Structure formats: structure tokens, C-alpha cells
Amino acid sequence: MKARSFACSMLLVCTLGFSGERPAQFEAWGTRGPELPPAPAGWTQVSGETKLRPALNLTAAEHAAGFIAFQRHVFDEIYSDSVPASFEQQPRLQAFATLGEYEPLSFAIHALTDLSDVQVKAGAIKSGTSDFPESHIDIRWVRPVRSKVAYQVSTDQRYRLAPFYLEKHESFNIAGRTTAQVWITLKVPDAIAGGNYTGSISVQAKGRAALAIPLRLRVLPFKLPPVSLETTMSYAKQAGDENLRENA
């Protein structure tokens, strides 16, 4: 069981010569993670969300869609029992990136009732006469794994379901009063025109009205220099040797 949030992360323009092929990295990420085995005997699942939220005032569009779309910082953990605050409702996806860069965006769907066949699709994203290629937009659902509550306490046998895998699904079912997270990765083409690109992400459950989430991407018209050395990711972990991290 792991304790950290994932960090993957997540339209042809003929005049600029775009091929429309999906970036190789999208394919390298695969589609599904392994299924979780049964929880070990004696372990207890606890709530992931720790914040209490007041009752929400729903809009007519949210009633018609059957869910509340909401947004937190892209790397904040969102759990299946997360409930949005009023200031998190009606998300607006915004980011900036340079040529060739991968940029993540994320939002969550809190179902008001059982929803089936929920589909998330990108509409046209444009800046003047320049289109952002649909093949460079990767949309995934976030699937959790078991995460121990207190890693420093060996006798603590509590776990929560924490976000981890980014999986490809054509559609998704969401149980009522639970939350699912959507992860979007934009891969800016190397030769696209710089500018402010605007569009929307559509979310629709079977038999329900669609809800459009605005998207805005500012493309900076230059490339970042390549990384000059190997990079990695780490997170703080208490160690018996205080000099361990310094000596590593």
C-alpha cells in the first residue's frame, strides 16, 4: 500500500503540418492498473476525506446533469467520499505551457444519484484559426489503491483508498453520493502557434443533460531547454538516521 498521491502526471491543423498521431508517452502510460487483492484480515477501511462540508446550493444545470463538478489544486488528493465546498463548484480549467510540454489538469464529479455510462470528452480547443489537436488530449479516470493511515505505527491496521492509477475508460459508473476524479493531460505540439486556446470539456451521464466545463490554455511560443541531468521524484519520510537524506 502506498501513501502518496499519484503525479503523472495528465483538431488537426493541416496548415501547420500536424500529423494527428497520439504522443508516444500517452501509449506508454498504458490503460489499466492491476486489480486490488482482498484486504488482509484485520485491516479496516476509514474515510479518506477529513473535512466537513456544509450543504450546497445546486444550480439548475447541476440538477439536470445529476452531479456536481468541482475542482481542487491539481495535485490535491480527492477521495471517493470527498464532498465539494461551495467555492470549488463550477470549475474552470486553466493552465499555461510551452511548446512540447505536458500539462496536467484535473476536476472531480460528485454524483447526486447513481450515474451510469458517464463520458468525458474534449470539444474543439482553438486560438483564432489555430486548433489544438484532439490527439494531444489524454483523458483518464483516477482509480485508488489502499494507503495505510499511519506508516510509522506498525500496529495501526487502518487504510484509506487513495488516488493512484490513471486509467483509460470509454465511460464510467459512479454510485450516488460518491466522487470520481478525472485527469486530463495536454501535450502541446512542438510547432503549434502560441496564444490563448479556449474550449470546453463535456461531461454527460446516460439519460442526463451534458455539463460543459470551460478550458483555457495559454501556449507560450518557445521551448524549454532539455534537462541536463537525470531527474527523479521523492517525498519526505522520517528516517532513523537524520543525515540519511543529506548523505544520499
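Cross-link reach is defined here as a Cα-Cα straight distance under 12 Å, omitting same-chain residues fewer than 8 places apart; for K187 the aspartates and glutamates meeting it are E21, E101, E103, E134, D138.
As a length-normalised measure over Cα pairs under 8 Å and 6 or more apart, the relative contact order of the stretch 121-208 settles at 42 percent. Out of every Cα-Cα pair in the stretch 98-161, what percent are more than 21 Å apart? Tail fraction, whole percent: 55. Report note on the peptides 225-232, 203-210, 103-110, 142-149: ranked by the mean count of other C-beta atoms within 10 Å, highest first, their order is 103-110, 142-149, 203-210, 225-232. Seen from G30, the other residues with C-beta closer than 11 Å to its C-beta sum to a net charge of +1, counting Lys and Arg as +1 and Asp and Glu as -1.
Stokes-Einstein diffusion for the chain, with the hydrodynamic radius set to the Kirkwood value over Cα pairs and evaluated at 25 °C in a medium of 0.890 mPa s, equals 122 µm²/s.
In what sequence, largest accessible area first, do T179, T59 appear using a 1.4 Å probe?
Accessible-area ranking of T179, T59, largest first: T59, T179.
With all pairs of different C-alpha atoms in the average, the Kirkwood value for the hydrodynamic radius of the stretch 100-234 is 17.5 Å.
With respect to the cross-link table entries K168/K223; K126/K223; K51/K148, which display a Cα-Cα separation exceeding 27 Å?
In this structure, K168/K223 lie more than 27 Å apart at Cα.
Report summary: the helix-based calculation at 222 nm, which adds -39500 (n - 2.57) for every DSSP H run with n ≥ 4 and divides by the residues of the chain, gives -1000 deg cm²/dmol.
The values are calculated or read from the model by the stated rules, or taken from the named source; none is laboratory data. Everything numeric in this text was worked out from a predicted model, so none of it was measured. No Cβ is skipped: glycine too gets one built from the backbone with ideal geometry, and neighbour counts run over all protein chains shown. All accessible areas refer to the heavy atoms of the entire protein, side chains included, with ligands and DNA or RNA removed. Shrake-Rupley method; radii C 1.70, N 1.55, O 1.52, S 1.80 Å.
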